[in-house]
């Protein structure tokens, strides 16, 4: 009895390559569909309210300060762009809400870091055109739900750092 399926038989090499290639394509399509449908990027497009609480700072009157912003974000792939405005301040000089003409404008850029075995993370860089100077803020946020983000911030304003959180509804 003669066996045509012996190792090293070149008659089956073409069919083995074809089967492996087809299997690889099917596996790639399966993983792509699984990633897109079962593990999608968080839906962060839309309006958010961001609050930052200053913990450490080089300028003591800023310690404990709470700032609130309204932010509009747009997600394209894992990239984020948007804008924001300062709407509220609770500092050593008192509490104040900012009306439209007195709000500080900000430009937001960033990205989503997709994690399959832990919560997704969002990195945001905000350039704020303050009253008299431009400043940068960096936010590192964890996606708790599609409606809530929490994390930390660091700012060039008086070397400030602290906690930050974002939510879809006003504080």
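Say whether the condition of being in the same structural domain as residue 50 (by TED's automatic domain parsing), over 20 Å from residue 44 (Cβ atoms) and more than 12 Å from the chain's Cα centre (by Cα) is met by at least one residue in segment 114-123.
Checked segment 114-123: at least one residue is in the same structural domain as residue 50 (by TED's automatic domain parsing), over 20 Å from residue 44 (Cβ atoms) and more than 12 Å from the chain's Cα centre (by Cα).
Just to be sure I understand, how many residues within segment 28-45 are surrounded by 13 or more Cβ atoms within 10 Å (Cβ to Cβ) and not in a loop (DSSP other than H, G, I, E, B)? Explain how you work it out, then say what you get.
Looking only at segment 28-45, we keep the residues that are surrounded by 13 or more Cβ atoms within 10 Å (Cβ to Cβ), and these are 35, 41-42, 44-45.
From the residues that got through so far, the ones that are not in a loop (DSSP other than H, G, I, E, B) too are 35.
Number satisfying all stated conditions: 1.
Of the residues 55, 17, 22, which is more than 19 Å from the chain's Cα centre (by Cα) and touching a residue at least 40 places away in the same chain (Cβ under 8 Å)?
From the options 55, 17, 22, the qualifying one is 55.
The values are calculated or read from the model by the stated rules, or taken from the named source; none is laboratory data. It should be emphasised that the depicted structure is a prediction, and the values quoted were computed from it without experimental measurement. FYI the Cβ positions are ideal-geometry reconstructions off the backbone, even for glycines, and counts take in every protein chain you see.
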